[in-house]
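Student: Here it is, the structure, as structure tokens.
No lab work stands behind these numbers, since they all come straight from the coordinates. Just so you know, these numbers come straight off a predicted model, no measurement behind them. For neighbour counting, all protein chains shown are included, and Cβ atoms are generated from backbone atoms with ideal geometry for every residue, glycine included.
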Amino acid sequence: MTFLETLQIDSGVVRTAVSRLATDGWLDRDKVGRNSFYKLAASGRERFESGVAHVYNPQSPDWAGRLELVLISNGADRDASRAALNEAGFGNPMPGVWVAPSGVALPSVAAGAIRLEVSADNEMGRRLIGESWPLPRIADSYRVFLKLFAPLDNWVAGSDTLPPADAMLVRVLLIDQYRRVLLRDPLLPPELLPADWPAAEARALCGRIYRALLPEAEQWLDLHGQSAAGKLPPAGKELARRFAER
């Protein structure tokens, strides 16, 4: 709660939100004395880990001139499939139809869907791409992110450091804003994107700021972080790979 108080988020709101996430199967709870500790449930881990990879180390598929179509029926799992396909980078040109470049991993929840491949080396294929993703709106969102966080680039170039609490706060707000844009980005191959696509510039800026914040932010976590087993363990190798240079 210490960090949430920094964000001026009421503790009652947090408890309600966490309780709902647990009810929906996203979180498991461990109660130790008067304290409750929450961790990702197995059912939510696949989507969470996919989101982490998407934000910190996104990979565009190689372009082979073909698109994959996924047809979703009106079954009971349609809503879950739609959410997972959207998060995986599939576009939705019309109800029940999802599209992505061939090679994009299909979420397990949609494993039973009908899958087809079509050529995109023609005008109709390009039209399908244009109708599947709102690329101009996504590009505008990237530009808003760049404008919002560009002032911090000057701070990165200097020698000043932030107090640990402030570094942690900025780190969370930075990634929250970046993921809001990136999770809408289908990560299409460069051959399918406009020439002035701003994703690489936004990623580079986010990476510079994130790496500059990391030592002090991790210091704050070392001091305040706690699990049901006690103090948090040291950060793993995955942390060092975030925003790795390509």
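Student: Among what's in the range 157-182 and is within 22 Å of the chain's Cα centre (by Cα) and surrounded by fewer than 16 Cβ atoms within 10 Å (Cβ to Cβ), pick the residue that is nearest to GLU131 (Cα to Cα).
Tutor: Filtering the range 157-182 for residues that are within 22 Å of the chain's Cα centre (by Cα) and surrounded by fewer than 16 Cβ atoms within 10 Å (Cβ to Cβ), the one nearest to GLU131 (Cα to Cα) comes out as ARG180.
Results for (1) surrounded by fewer than 11 Cβ atoms within 10 Å (Cβ to Cβ); (2) on the phi < 0 side of the Ramachandran plot, shown as yes or no for each residue.
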position	(1), (2)
PRO186	no, yes
PRO194	yes, yes
PRO198	no, yes
TRP220	no, yes
HIS224	no, yes
PRO233	yes, yes
PHE243	no, no
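Student: Same structure again: Could you tell me whether PHE37 is out of contact with any helix residue (DSSP H, G or I) (no Cβ under 8 Å at 6 or more places or on another chain) and either surrounded by 12 or more Cβ atoms within 10 Å (Cβ to Cβ) or over 28 Å from VAL170 (Cβ atoms) (or both)?
Tutor: yes
Table: residues versus (1) of a type in the set (A, V, I, L, M); (2) under 22 Å from GLN226 (Cβ atoms).
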site	(1), (2)
ARG15	no, yes
GLU49	no, no
VAL55	yes, no
PRO58	no, no
ARG66	no, no
ARG82	no, no
ARG126	no, no
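Student: Residue check: is ALA100 among the hydrophobic types (A, V, I, L, M, F, W, C), assigned to a strand (DSSP E or B) and surrounded by 12 or more Cβ atoms within 10 Å (Cβ to Cβ)?
Tutor: yes
Student: Restricting attention to the range 65-87, does a residue exist that is part of a loop (DSSP other than H, G, I, E, B) and surrounded by 14 or more Cβ atoms within 10 Å (Cβ to Cβ)?
Tutor: yes
Student: From the list ARG45, ARG29, exactly one residue is in a helix (DSSP H, G or I) and either surrounded by fewer than 15 Cβ atoms within 10 Å (Cβ to Cβ) or out of contact with any helix residue (DSSP H, G or I) (no Cβ under 7 Å at 6 or more places or on another chain) (or both). Which is it?
Tutor: ARG45
Student: Then there's this: Is at least one residue of the range 178-196 free of Cβ contacts under 8 Å to residues at least 60 places away in the same chain, of a type in the set (D, E, K, R) and part of a helix (DSSP H, G or I)?
Tutor: For the range 178-196, residues free of Cβ contacts under 8 Å to residues at least 60 places away in the same chain, of a type in the set (D, E, K, R) and part of a helix (DSSP H, G or I): present.
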